[in-house]
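The values are calculated or read from the model by the stated rules, or taken from the named source; none is laboratory data. From a predicted model like this one, the values you see are computed outputs, not experimental measurements. We place every Cβ from the backbone using ideal geometry, glycine too, and count neighbours over all the protein chains shown.
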Amino acid sequence: MLLIAISIVFLLLDLKAQEIPEQVFQSKLNSKTPRVIYAKGKINFALENFNFTAQFEAKIVEEDSAVLSLYGPMNVLVGKAYSNRERFIYYDILGNWAAIGIPTAEKVFEAAQIPLGFVDLVRLFKAELLYSNDSLKYTLLENGKTLLTYKSQSFVDFFLFDQDNKLVQYQKKNLEGKIVINITYPEFLSIENFTFPKKYVLLVEARKGYISIETEKVILDFDMSKPFSFQVPKSVEIFRYE
């Protein structure tokens, strides 16, 4: 829902590597992210049969809930999305339609061809791991970067960290080796001892394109007195993924 700044070719197959003990890298990942995040910037959709650039505002409360607003020319609200662990809503104001469903990876894939659930999207928006440290395979590459790998029954996930332990690339492949998602993080912001992505790109093979985001402003505290969720007008055509 919230994703992502310059797509690159995956080069890891050409790098020689050696395995390292899990605790060597795990000890460097102990950093807590802020409870609430407000982010503002520009988002560009360059997908098959769909090209659109907008300004965005995103508000995230831990892994509990998030809201995304999209603004077109003259700061006109053109779309809005909300999600928590139980429900997601996307309302396309210009197109007068909405998508409502359960934010599991399966339902998000059905709706947007992105096999990531709500919690996955929030963590990747903050450049964090999706899985626990003890479920990952750790590999130290010759260039000083670290590759973490997670294999499920359907996919293999790769997390590439640089020498400063920042996530610079995430990739998901199916078991046939085809890239399903590729996200890169070429630039970061430092805010109150917290590192947050400034630029990132979400490349989606199924949609033959990408979504790029450039964050211009991040605030680690904001007014939470107003509810995130919203109601879709009754006249709107609704697509359900439940």
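Each row is one residue, and each column tells you yes or no for (1) under 21 Å from K59 (Cα atoms); (2) at pLDDT 90 or above.
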{"position": "V156", "(1), (2)": "no, yes"}
{"position": "F161", "(1), (2)": "no, yes"}
{"position": "N165", "(1), (2)": "no, no"}
{"position": "Y170", "(1), (2)": "no, yes"}
{"position": "K173", "(1), (2)": "no, yes"}
{"position": "N182", "(1), (2)": "no, yes"}
{"position": "F188", "(1), (2)": "yes, yes"}
{"position": "N193", "(1), (2)": "yes, no"}
{"position": "F196", "(1), (2)": "yes, no"}
Boolean, K178 is loosely packed, with under 12 Cβ neighbours inside 10 Å and at pLDDT 85 or above: yes
Single residue of L124, L136, L141 found to be surrounded by fewer than 20 Cβ atoms within 10 Å (Cβ to Cβ), on the phi < 0 side of the Ramachandran plot and not acidic (D, E): L141
Search result, residues across the range 88-100 that are of a type in the set (A, V, I, L, M, F, W, C), assigned to a strand (DSSP E or B) and surrounded by fewer than 19 Cβ atoms within 10 Å (Cβ to Cβ): W97, I100
Some residue of the range 45-53 being farther than 16 Å from I181 by Cα, at pLDDT 85 or above and outside any loop (DSSP other than H, G, I, E, B): yes
Residue match in the range 74-82 (condition: assigned to a helix (DSSP H, G or I) and either touching a helix residue (DSSP H, G or I) at 6+ places or on another chain (Cβ under 7 Å) or surrounded by fewer than 18 Cβ atoms within 10 Å (Cβ to Cβ) (or both)): yes
So D157, is it surrounded by 15 or more Cβ atoms within 10 Å (Cβ to Cβ) and of a type in the set (D, E, K, R): yes
Any chance P103 is modelled with pLDDT under 85 and in a loop (DSSP other than H, G, I, E, B): no
